[in-house]
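What follows draws every value from the coordinates through simple rules; no lab data is involved. Given the structure is predicted, the values throughout are model-derived calculations rather than measurements. Methodologically, a virtual Cβ is constructed for each residue, glycine included, from the backbone with ideal geometry; neighbour enumeration extends over all protein chains shown.
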Amino acid sequence: MKFRAWVGLLIVAGLVTFVGCSTSSSSPSSTGSLFITTQGDQKISSYQVDLGKGSLTASRTSQGTGVTPNATALAPSGNALFVTNVGDDTISSFTVNSDGTVGAGSTLPTGAHPRGMSIDAAGALLFVSNDATNSVAVYTVSGTTLSFVNTVPVGASPVGVAVSPTASFLYVTNSADNTVSQFSYDSAGNLTPAAPPAATGTAPVAAIVSVDGKFLFVANSGSNNVSAYTINSTDGSLTPATGSPFPAGLGPSAMAVSPGGLYLYVVDQQSNQVSSFKIGSVSGDLTATAPATTSTGVTPVWIAVHPAGTWVYVANLGSSSISLLQIKASGALGVAGTAVNTTGTQPSAIALK
């Protein structure tokens with residue numbers, strides 16, 4: 001039986017999860033911040049990241065979210081953080097303090113079953129997929145304040161949301177009809193279909209655009225593979241890459257991309273691992289790295305890479321832990337340290353600063 005955790009999707013699209021792909025340029029004394037939502041106690045907690053070692057130290061501060069938090073998006077400015085709560089159909093907004101802690105939040109109702117979200121590269125628009133209403137809600141962003149713009153219909157049971165980092169293109173995976181919706185949008189948040197929905201594999205749940213904006217990747221949890229597409233730079237329409245789809249592990253559910261579009265990392269939820277691929281620079285085809293997979297904790301559901309180094313973090317919902325990984329020179333992942341038990345239970349989504 002397929003495990004149905006209200007998993008968040010890695011909605012990075014050129015924002016906070018793109019990093020170098022070999023060695024860290026940060027000094028051993030520099031630090032970053034990691035924010036993680038936990039469904040068991042419905043909160044978001046912060047950790048300090050040692051950018052020299054990749055290790056985590058809990059800040060012992062946390063804020064309450066809504067019911068069953070399942071996805072996060074950090075504003076490009078790094079001073080605002082948003083969380084979708086699938087259990088009570090809300091979005092929580094938090095201030096990110098200068099010391100890396102999370103300030104008190106506020107909540108806003110959204111559509112039924114918000115599953116994924118993405119913020120545009122300018123930090124001006126937030127897009128949220130609503131699983132139960134087959135729609136995407138659009139909001140303008142000002143600090144931590146969200147203002148509703150409109151709701152646009154998409155396919156059946158939308159989950160993954162990805163925004164291009166280089167153009168005004170939006171993509172939404174529709175898990176119940178095996179398609180990805182394609183849109184362009186204007187500065188006010190109005191969406192225009194770029195083309196009819198493109199076919200994917202079975203039960204697509206995650207989407208991500210390469211940092212150069214050339215390729216879209218879709219994780220198909222039902223067919224255990226990844227669909228790859230080239231993106232038309234004029235209208236955002238999709239063309240399947242040669243050889244697509246590409247095999248992954250069992251239940252691929254979240255993804256991250258290294259900078260320059262060199263490597264793709266795919267969380268295989270039911271295999272308790274991450275699959276690593278080199279991205280073809282011309283067509284976006286995927287080739288497994290060596291080694292091809294890296295073990296995680298139980299039921300991994302989210303992956304994020306720190307923007308200032310090569311450290312990779314995976315939220316393991318089933319074992320209530322965070323796996324610490326590092327990008328090698330080859331692009332493959334290696335275990336960087338012992339998994340860290342989270343301060344809450346059932347971690348579901350990660351943001352990094």
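Points worth noting:
- In the elastic network of the chain, a GNM with C-alpha springs shorter than 10 Å, the most mobile of G64, G309, G331 is G64.
- This model, with +1 at the C-beta of Lys and Arg and -1 at the C-beta of Asp and Glu, gives the stretch 31-352 a dipole about its Cα centre of some 520 debye.
- Dipole orientation for the stretch 31-352: of the candidates G52, N134, A288, G52 has the Cα lying most toward the positive pole (charges on Cβ; Lys, Arg +1; Asp, Glu -1).
- Segment T239..A122, full-extension length gain: 39.5 nm, with 0.36 nm per residue of separation and the alpha-carbon distance subtracted.
- Only Cα pairs under 8 Å and 6+ residues apart enter the sum, and on that basis the relative contact order of the chain stands at 18 percent.
- Take each peptide in 294-302, 243-251, 334-342, count the other Cβ atoms within 10 Å of every residue, and average; sorted highest first, the result is 294-302, 243-251, 334-342.
- Likely footprinting exposure, S92, S147, fewest C-beta neighbours within 10 Å first: S147, S92
- Applying 1/(1 + (r/R0)^6) with R0 = 51 Å to the Cβ-Cβ distance of S147 and A329 gives a FRET efficiency near 0.70.
- Potential lengthening between S187 and S281 on full extension [0.36 nm per residue; Cα-Cα distance subtracted]: 30.9 nm
- Inter-label distance, A156 to T140: 3.7 nm, where each label sits 7 Å from its Cα along the C-beta direction.
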